[in-house]
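Have a look at the structure below, then the notes.
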Amino acid sequence: MKIGFFGVGHMGGPMAANLVKAGHEVVAFDLMPALLETVVQEGARAASSAVDAVAGVDVVVSMLPSAGAVRGLYLGGQDKVDGGVLSHIDKSALIIDCSTIDADTARDVAAIAQEQGRVMIDAPVSGGVGGAKAGTLTFICGGPEDAIDRARPVLECMGAQVFRAGDNGAGQLAKICNNMLLAIHMIGTAEALQMGADHGLDPAVLSDIMKASSGDNWSLDKYNPWPGVMENVPSSKDYEGGFAVKLMNKDLGLALQAGLSTQSATPMGNLAKSLYAAHGNHGYAEKDFSSIQRFFRHKESK
Ligand code: NAD
């Protein structure tokens, strides 16, 4: 298939490379032309403009930083890139937006596409840069069932699992529910490990005990925030790599915005957002989100 790919940053770059590896013809576009060089080396073609990237394609994939960028790309407006590309996309093509954005924007843009006779789905991902490189992302989709079935073979070149959460926007909602819970159990895990250590317990032994007990959770088991308890996780690499605090803050902001619109009670999400905002402001914005462990650290410890 011929695929137009927008946004070849940390996530989009390796995702586009995996599409090339799977045998697809990829035409890539990014506002930062230097980033295109890497995907060109992988075998993609660099588009000369956003409109060039959608000419004659079967599928459009976008992996952009924000809702404003998604609106700007497809509809034009403030973040204008040659005007909106939506009207330049062939009506038989499938549009897949993998960016993490608010559900309302995802629904709005998909509805405008539908009015024009075009099909668009939201397909945000879980799995981070490691998953994007390894082609093991989880895609959490929202949109018509038949459109998601059409997207499946393309998404499976970049990921291991494809879920349909519901109609347009539902993919975004399911993703932020997950990330709100992730922030909460990471903070709770860090808090428990610090209290144990303060009382002289070995965090590695305490982790083993909690993993075999009712406190077991993904943050403890797969992504332990205490340095040295697990190898090859950000906590053992000075919290480098992984999922940045600033991105967790973005997702928590989206979660609270979603909660507000339905009057849902999100006390733990609110607290998590406040803690991560403070943590980011204390110099940790670029560090992995498991660095919240340092938030609980006593001043005199290293
Ligand atoms: P990034 O900033 O590295 O990449 C985004 C790219 O989009 C940039 O290269 C930027 O120049 C480009 N861009 C912006 N507007 C554009 C436009 N109109 N046309 C073409 N290119 C445009 O961001 P990232 O880390 O790759 O994240 C992308 C999305 O994936 C975000 O929505 C993020 O929340 C989500 N996400 C990121 C991670 C992660 O670990 N990095 C994990 C899951 C989901």
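Mind listing whichever residues of region 126-162 are open to solvent by less than 10 Å² (accessible area, probe 1.4 Å) and either more than 14 Å from ILE95 (Cβ to Cβ) or assigned to a helix (DSSP H, G or I) (or both)? It would help to see each step written out before you state the result.
Taking region 126-162 and keeping what is open to solvent by less than 10 Å² (accessible area, probe 1.4 Å), we get 131-132, 137, 139, 141-143, 147-148, 151, 154-155, 158-159.
Those that are open to solvent by less than 10 Å² (accessible area, probe 1.4 Å) and either more than 14 Å from ILE95 (Cβ to Cβ) or assigned to a helix (DSSP H, G or I) (or both): GLY131, ALA132, LEU137, PHE139, ALA147, ILE148, ALA151, VAL154, LEU155, MET158, GLY159.
Give the number of residues within region 174-203 that are away from the ligand (no atom under 16 Å from the Cβ) and open to solvent by 40 Å² or more (accessible area, probe 1.4 Å). Even if it seems obvious, please write down each step before you answer.
So the first thing to find is which residues in region 174-203 are away from the ligand (no atom under 16 Å from the Cβ), and the list is 184-185, 187-203.
When the remaining residues are screened for being open to solvent by 40 Å² or more (accessible area, probe 1.4 Å), the result is 184-185, 191, 195, 198-202.
Result for region 174-203: 9.
Among the residues of region 1-47, which ones are charged (D, E, K, R) and near the ligand (Cβ under 9 Å from one of its atoms)? Working first, answer last.
From region 1-47, those charged (D, E, K, R) are 2, 21, 25, 30, 37, 42, 45; that's our starting set.
Selection gives ASP30 alone.
Here is a list: GLY200, GLY228, GLY196. Which entry is touching a Pro at 6+ places or on another chain (Cβ under 9 Å), more than 30 Å from ILE96 (Cα to Cα) and without any contact (Cβ under 8 Å) to a residue 12 or more places away in the chain?
Numbers: GLY200 fails: touching a Pro at 6+ places or on another chain (Cβ under 9 Å); GLY228 fails: without any contact (Cβ under 8 Å) to a residue 12 or more places away in the chain.
Answer to the check: GLY196.
Give the residue that is nearest to GLY130 (Cα to Cα), with candidates limited to residues of region 229-254 that are in contact with a Ser or Thr (Cβ under 6 Å, 6 or more places away or on another chain) and not hydrophobic (A, V, I, L, M, F, W, C).
As a first pass, look at region 229-254 and keep what is in contact with a Ser or Thr (Cβ under 6 Å, 6 or more places away or on another chain): 229, 234-235, 239.
Filter once more, so that each one left must be not hydrophobic (A, V, I, L, M, F, W, C): 234-235, 239.
Values: PRO234: 12, SER235: 15, TYR239: 15 Å.
Only one residue fits best here, namely PRO234.
Checking the conditions here, which among ILE121, ILE112, ILE101, ILE95 is farther than 21 Å from PRO33 by Cα, within 9 Å of the ligand (Cβ to nearest atom) and among the hydrophobic types (A, V, I, L, M, F, W, C)? Before the answer, list the steps.
Values: ILE121 fails: within 9 Å of the ligand (Cβ to nearest atom); ILE112 fails: within 9 Å of the ligand (Cβ to nearest atom); ILE95 fails: within 9 Å of the ligand (Cβ to nearest atom).
Matching residue, one of ILE121, ILE112, ILE101, ILE95: ILE101.
Kindly evaluate GLY23 against the criterion of being in a loop (DSSP other than H, G, I, E, B) and open to solvent by 40 Å² or more (accessible area, probe 1.4 Å). Don't jump to the end; show me each part of the working.
Working: in a loop (DSSP other than H, G, I, E, B): yes; open to solvent by 40 Å² or more (accessible area, probe 1.4 Å): yes.
For GLY23, the condition - in a loop (DSSP other than H, G, I, E, B) and open to solvent by 40 Å² or more (accessible area, probe 1.4 Å) - is met.
Quick one: which residue in LEU36, LEU31 is open to solvent by less than 30 Å² (accessible area, probe 1.4 Å) and either of a type in the set (Asp, Glu) or in the same structural domain as LEU155 (by TED's automatic domain parsing) (or both)? First the steps, then the outcome.
Numbers: LEU31 fails: open to solvent by less than 30 Å² (accessible area, probe 1.4 Å).
Residue meeting the stated conditions: LEU36.
Return only the number of the condition from (1) open to solvent by 50 Å² or more (accessible area, probe 1.4 Å); (2) under 17 Å from PHE296 (Cα atoms); (3) within 15 Å of the ligand (Cβ to nearest atom) that TYR239 does not satisfy.
(1)
Taking the stated definitions as given, is GLY171 open to solvent by less than 40 Å² (accessible area, probe 1.4 Å), in contact with a helix residue (DSSP H, G or I) (Cβ under 9 Å, 6 or more places away or on another chain) and under 22 Å from ALA93 (Cβ atoms)? Step through it out loud before you land on a result.
Values: open to solvent by less than 40 Å² (accessible area, probe 1.4 Å): yes; in contact with a helix residue (DSSP H, G or I) (Cβ under 9 Å, 6 or more places away or on another chain): yes; under 22 Å from ALA93 (Cβ atoms): yes.
For GLY171, the condition - open to solvent by less than 40 Å² (accessible area, probe 1.4 Å), in contact with a helix residue (DSSP H, G or I) (Cβ under 9 Å, 6 or more places away or on another chain) and under 22 Å from ALA93 (Cβ atoms) - is met.
Checking the structure you have, find out if any residue of region 287-295 is open to solvent by less than 50 Å² (accessible area, probe 1.4 Å) and hydroxyl-bearing (Ser, Thr, Tyr).
yes
Tell me, yes or no, whether region 267-278 has at least one residue that is within 20 Å of ALA67 (Cβ to Cβ) and modelled with pLDDT under 95.
Within region 267-278, the first condition is being within 20 Å of ALA67 (Cβ to Cβ), and the residues that meet it are 269, 273, 276-277.
Keeping just the survivors that are modelled with pLDDT under 95 gives none.
Checked against the condition, which is being within 20 Å of ALA67 (Cβ to Cβ) and modelled with pLDDT under 95, region 267-278 yields no hits at all.
The values are calculated or read from the model by the stated rules, or taken from the named source; none is laboratory data. Predicted model only: the values in this text are computed from it and were never measured. FYI the Cβ positions are ideal-geometry reconstructions off the backbone, even for glycines, and counts take in every protein chain you see. What goes into the accessible areas is simple: the full protein's heavy atoms, side chains included, and nothing from ligands, DNA or RNA. Shrake-Rupley method; radii C 1.70, N 1.55, O 1.52, S 1.80 Å.
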